[in-house]
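The values are calculated or read from the model by the stated rules, or taken from the named source; none is laboratory data. This is a predicted model, so every value here is computed, not measured. Backbone-built Cβ (ideal geometry, glycine too); neighbour counts: all protein chains shown. Keep in mind that these areas ignore ligands, DNA and RNA; they rest on the heavy atoms of the full protein, side chains included. Shrake-Rupley method; radii C 1.70, N 1.55, O 1.52, S 1.80 Å.
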There are 2 protein chains.
Amino acid sequence: MADSDRGPRERMVFSAAQLLRRDGVAGTGMRQVAAHAGAPRGSLQHYFPGGKEQMVNEAVAWAGRYAARRVDRFLAGLEVPSPSGLFAAMVAQWSDELTATGSLPGCPVAAATVDSADTADSTRQAAANAFACWREPVARALTGMDVPESRSAALATLMVSALEGAVLIARAERDPAALTTVARELGPLLDGAVTRPEN
Amino acid sequence: MADSDRGPRERMVFSAAQLLRRDGVAGTGMRQVAAHAGAPRGSLQHYFPGGKEQMVNEAVAWAGRYAARRVDRFLAGLEVPSPSGLFAAMVAQWSDELTATGSLPGCPVAAATVDSADTADSTRQAAANAFACWREPVARALTGMDVPESRSAALATLMVSALEGAVLIARAERDPAALTTVARELGPLLDGAVTRPEN
DNA sequence: CCCCGATTATGACAGCGGTCATAGCGGTCG
DNA sequence: CGACCGCTATGACCGCTGTCATAATCGGGG
């Protein structure tokens with residue numbers, strides 16, 4: 001949300017991620033990205049000589065790092081750390097945006113996957129990396145909450161999957177119900193995976 | 001899969017759904033749909049006077065009905081009905097396609113949601129309807145397996161969410177691991193929701 | 001002062017997209 | 001036969017997109 005002046009290049013990557021959320025890859029033009037970032041059009045071919053594909057890939061990578069950062073921040077914000085609490089925080093980031101602003105742009109990584117997984121292989125790999133970047137801190141957080149290492153990675157995958165799917169449904173319905181439902185139903189399962197209940 | 005001769009119109013809707021899976025909404029052209037369906041180009045404005053939006057909406061609706069039909073068929077194919085068995089069958093439909101053909105086109109409903117939820121409201125509603133069409137038979141199947149009615153709808157949402165998210169990840173990674181993981185981790189939770197274990 | 005690299009400014013191009021307009025078939029029915 | 005109707009056939013238009021080519025601008029060092 002801090003779109004401040006971090007150099008025009010980073011601003012463009014950020015704007016690309018933002019527009020990707022709304023319109024998808026094919027629906028977002030490069031001129032549009034430049035305009036949204038307040039950057040001159042001539043900077044496009046200068047900063048992204050690899051063309052649109054490079055820009056999309058960087059936006060996806062940025063989103064992956066952003067998601068990972070958020071996970072760490074959620075952990076720091078939990079007074080009593082628990083898997084369900086972490087998941088609830090992850091879900092709340094999305095439902096809050098919908099209830100606050102009234103609209104729910106999707107996940108840029110999902111957009112890149114849907115739009116160009118079968119047409120641009122580098123973008124597909126960028127999306128895979130982003131998902132990995134995201135799941136990794138989640139899995140590590142779970143092991144830190146006494147979830148056995150053998151399951152923490154799998155549960156992280158489940159959490160991200162359920163979240164992404166719920167975002168899709170909530171977006172289609174313009175209703176955060178799917179998000180809250182998933183958080184409520186999945187929470188107990190996650191907490192049940194801790195070996196020594198610490199409460 | 002049965003692209004047979006059900007009239008050119010239905011063939012075009014089917015082809016649209018198929019192309020949507022791979023290239024998304026903006027990445028799929030109407031001429032391309034006609035060509036894929038072996039239909040004359042002039043039929044486009046004749047059968048879809050509402051333009052691309054109408055075509056996409058019908059493809060999405062078709063996909064929703066198709067998913068619902070599949071759920072019923074999965075139920076019929078289960079010797080011992082159980083929530084985890086149903087979910088495993090739903091997941092297997094996707095992982096099997098990836099392992100068999102080597103590639104994994106996504107879900108057309110997800111594509112429509114990602115690409116035009118914020119730009120074409122009728123498409124957004126079509127996607128919401130498709131999700132509802134899909135979850136409804138799942139929820140009903142759960143109640144038929146002695147899952148309390150209060151939870152069956154929520155669990156159906158969770159199942160569809162987790163599946164959609166796992167499809168995304170598997171598509172990005174070109175690896176069905178996320179799908180099998182989600183099925184394995186979510187199965188016990190689902191079976192734990194039956195009041196009287198029938199086994 | 002002048003050169004130089006980084007950045008920006010334009011303009012053009014070729015392609016494709018959806019959509020409209022118009023006309024042509026090929027039957028069937030009155 | 002002539003009228004109507006479902007369907008098809010083209011062709012054109014306009015807007016947009018990604019990309020390239022070329023030149024201008026600007027801030028600092030040599």
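Can you confirm whether A:Ala67 is modelled with pLDDT of 95 or more, more than 8 Å from DNA strand D (Cβ to nearest atom) and more than 14 Å from chain B (Cβ to nearest Cβ)? Before you say what the answer is, go through the steps one by one.
Values: modelled with pLDDT of 95 or more: yes; more than 8 Å from DNA strand D (Cβ to nearest atom): yes; more than 14 Å from chain B (Cβ to nearest Cβ): no.
No, not satisfied.
List the number of the failed condition for B:Trp62; all other conditions in (1) away from DNA strand D (no atom under 15 Å from the Cβ); (2) buried (at least 21 other Cβ atoms within 10 Å of the Cβ); (3) under 17 Å from B:Thr123 (Cα atoms) hold.
Among (1) away from DNA strand D (no atom under 15 Å from the Cβ); (2) buried (at least 21 other Cβ atoms within 10 Å of the Cβ); (3) under 17 Å from B:Thr123 (Cα atoms), the lone unmet condition for B:Trp62 is (2).
Look at B:Leu98 and say whether it is closer than 14 Å to B:Arg22 by Cβ and in contact (Cβ under 8 Å) with a residue 40 or more places away in the chain. If you could, list the steps in order and put the result at the bottom.
Details: closer than 14 Å to B:Arg22 by Cβ: yes; in contact (Cβ under 8 Å) with a residue 40 or more places away in the chain: yes.
Answer is yes for this residue.
Taking only pairs six or more apart or across chains, which ones have beta-carbon atoms under 8 Å, a first residue in segment B:12-39 that is within 14 Å of chain A (Cβ to nearest Cβ) and within 19 Å of B:Ser116 (Cα to Cα), and a second residue that is aliphatic (A, V, I, L, M) and open to solvent by 30 Å² or more (accessible area, probe 1.4 Å)?
B:Asp23/A:Ala26; B:Gly24/A:Ala26; B:Val25/A:Ala26; B:Ala26/A:Ala26; B:Gly27/A:Ala26
Just to verify a result, which residue in segment A:36-47, among those that are within 11 Å of DNA strand C (Cβ to nearest atom) and surrounded by 13 or more Cβ atoms within 10 Å (Cβ to Cβ), is nearest to B:Gly29 (Cα to Cα)? Lay out the reasoning, then the answer.
Start the filter on segment A:36-47 by keeping residues that are within 11 Å of DNA strand C (Cβ to nearest atom), which leaves A:37-47.
Still in the list and also surrounded by 13 or more Cβ atoms within 10 Å (Cβ to Cβ): A:37, A:39, A:43-44, A:47.
Details: A:Ala37: 29, A:Ala39: 31, A:Ser43: 30, A:Leu44: 27, A:Tyr47: 30 Å.
Among them, the one singled out is A:Leu44.
Taking the condition of being out of contact with any Leu (no Cβ under 8 Å at 6 or more places or on another chain) and within 14 Å of DNA strand D (Cβ to nearest atom), how many residues in segment A:29-47 meet it?
Summing the residues that are out of contact with any Leu (no Cβ under 8 Å at 6 or more places or on another chain) and within 14 Å of DNA strand D (Cβ to nearest atom) in segment A:29-47 gives 12.
Which condition number does B:Gly102 fail, the rest of (1) under 22 Å from A:Ser116 (Cβ atoms); (2) at pLDDT 95 or above; (3) more than 10 Å from chain A (Cβ to nearest Cβ) being met?
(2) is the only condition that B:Gly102 fails.
Does B:Val114 satisfy the condition of being touching a Phe, Trp or Tyr at 6+ places or on another chain (Cβ under 6 Å) and of a type in the set (A, V, I, L, M, F, W, C)?
Taking the combined requirement at face value, the residue does not satisfy it.
Just give me the residues in segment A:48-59 being within 10 Å of DNA strand D (Cβ to nearest atom), open to solvent by 40 Å² or more (accessible area, probe 1.4 Å) and either polar (S, T, N, Q) or under 17 Å from the mean Cα position of the chain (by Cα) (or both), in sequence order.
The one that is within 10 Å of DNA strand D (Cβ to nearest atom), open to solvent by 40 Å² or more (accessible area, probe 1.4 Å) and either polar (S, T, N, Q) or under 17 Å from the mean Cα position of the chain (by Cα) (or both): A:Gln54.
Step by step: first the residues of segment A:11-28, then only those that are open to solvent by 30 Å² or more (accessible area, probe 1.4 Å) and within 13 Å of DNA strand D (Cβ to nearest atom), then the one that is nearest to the chain's Cα centre (by Cα). Which residue is that?
A:Arg22
Of these, A:Val80, A:Val13, A:Val33, which one is of a type in the set (A, V, I, L, M) and touching a Ser or Thr at 6+ places or on another chain (Cβ under 7 Å)?
Every option except A:Val33 fails the conditions.
Which of the residues that make up segment A:78-99 are small (Gly, Ala, Ser) and at pLDDT below 95?
Step one: list which residues in segment A:78-99 are small (Gly, Ala, Ser), which gives A:82, A:84-85, A:88-89, A:92, A:95.
The answer is none; no residue qualifies.
Scan segment B:152-198 for residues that are more than 26 Å from A:Ala132 (Cβ to Cβ) and not aliphatic (A, V, I, L, M) and jot them down.
Here is the first cut: in segment B:152-198, the residues more than 26 Å from A:Ala132 (Cβ to Cβ) are B:152-157, B:190-198.
Of everything in segment B:152-198, those that are more than 26 Å from A:Ala132 (Cβ to Cβ) and not aliphatic (A, V, I, L, M) turn out to be B:Ser152, B:Thr157, B:Asp191, B:Gly192, B:Thr195, B:Arg196, B:Pro197, B:Glu198.
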